[in-house]
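Let me begin by presenting the structure, written as structure tokens, before commenting on it.
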Amino acid sequence: MKRVELTEVIAAPIETVWAAITDHEGMSEWSPLKRVVLDPKGAPDSNGLGAFRHMHGAGPTIVEEVTEWSPPTRYVYKLRAGAPIRDHKGVVELRSEGDATRVLWTIQFVPKIPGTGFVIVRVLCKVIGGMLKNLNRNIVSAS
């Protein structure tokens, strides 16, 4: 099992960060994704439990399902298609730190092709790390 853990402190209240990071169809504003489509949507929140996000970027469409939903502090998702990994679990946790919010993004997985785990870890660190920095800039500049 491989593990990636990234963190970012954003100078905004937890509710603001939660609203931005869980707006799945709005992810293209702070990620390399061209478009994200929810199908099906979650319930009772369209971004929440049971939502399948179809993420369109440079490569194959990545499909993830939201499997846990605890606003405004945590959601969990699983990869359903589109990447060379299995046994995937992504956890996004938010913690208030005074007037700021710490985002902790953890991903666990097993590579489908033995020996490729280190490459996938590096790619995930670069992509998710960049996404968190972009999210931070978007939220702070909107304030």
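The values are calculated or read from the model by the stated rules, or taken from the named source; none is laboratory data. The structure presented is a predicted model; accordingly, all values stated were derived computationally and were not measured. Note: ideal-geometry Cβ built from the backbone for every residue, glycine included; neighbour counts use all protein chains shown.
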Next item on the list: Could you tell me which of the residues Gly82, Gly98, Gly59, Gly48 is touching a Lys or Arg at 6+ places or on another chain (Cβ under 9 Å) and small (Gly, Ala, Ser)?
Entry: Gly48
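Yes/no per residue for (1) more than 11 Å from the chain's Cα centre (by Cα); (2) of a type in the set (Val, Ile, Thr); (3) surrounded by 15 or more Cβ atoms within 10 Å (Cβ to Cβ); (4) at pLDDT below 95:
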residue	(1), (2), (3), (4)
Glu68	yes, no, no, no
Pro72	yes, no, yes, no
Arg80	yes, no, no, no
Ile85	yes, yes, yes, no
Val91	no, yes, yes, no
Ser96	yes, no, no, no
Val103	no, yes, yes, no
Gln108	yes, no, yes, no
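Residues of the stretch 1-48 being among the hydroxyl-bearing types (Ser, Thr, Tyr), in a helix (DSSP H, G or I) and modelled with pLDDT of 95 or more, which ones? Reasoning before the result, please.
Just the residues of the stretch 1-48 that are among the hydroxyl-bearing types (Ser, Thr, Tyr), to begin with: 7, 16, 22, 28, 31, 46.
Checking the rest, the ones that are also in a helix (DSSP H, G or I) come to 16, 28.
Listed by number, the list holds a single entry, Thr16.
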Next item on the list: Examine the stretch 120-129 for a residue that is closer than 23 Å to Met1 by Cβ, touching a Pro at 6+ places or on another chain (Cβ under 9 Å) and basic (Lys, Arg), and state whether such a residue exists.
Entry: no
Margin query: Anything in the stretch 51-80 that is in a strand (DSSP E or B), under 22 Å from Thr16 (Cα atoms) and among the aliphatic types (A, V, I, L, M)? List them, or say none.
Written below: Val66, Val76
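Consider Ile128 carefully, then state whether it is β-branched (Val, Ile, Thr), farther than 14 Å from Thr16 by Cβ and either exposed (fewer than 13 other Cβ atoms within 10 Å of the Cβ) or in contact with a helix residue (DSSP H, G or I) (Cβ under 8 Å, 6 or more places away or on another chain) (or both).
Values: β-branched (Val, Ile, Thr): yes; farther than 14 Å from Thr16 by Cβ: yes; either exposed (fewer than 13 other Cβ atoms within 10 Å of the Cβ) or in contact with a helix residue (DSSP H, G or I) (Cβ under 8 Å, 6 or more places away or on another chain) (or both): no.
In short, no.
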Check: Which one of Val140, Val121 is modelled with pLDDT under 95 and either in contact with a strand residue (DSSP E or B) (Cβ under 7 Å, 6 or more places away or on another chain) or not in a strand (DSSP E or B) (or both)?
Finding: Val140
Notebook entry, point to check: Could you list, in sequence order, the residues of the stretch 81-113 that are assigned to a strand (DSSP E or B), in contact with a Pro (Cβ under 9 Å, 6 or more places away or on another chain), within 20 Å of Val140 (Cβ to Cβ) and of a type outside the set (Ser, Thr, Tyr)?
Noted result: Leu94, Ala100
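Of the residues Val66, Val76, Val4, Val36, which single one is out of contact with any Phe, Trp or Tyr (no Cβ under 7 Å at 6 or more places or on another chain), of a type in the set (Val, Ile, Thr) and touching a residue at least 24 places away in the same chain (Cβ under 8 Å)?
Working: Val66 fails: out of contact with any Phe, Trp or Tyr (no Cβ under 7 Å at 6 or more places or on another chain); Val76 fails: touching a residue at least 24 places away in the same chain (Cβ under 8 Å); Val36 fails: touching a residue at least 24 places away in the same chain (Cβ under 8 Å).
Exactly one residue qualifies, and that residue is Val4.
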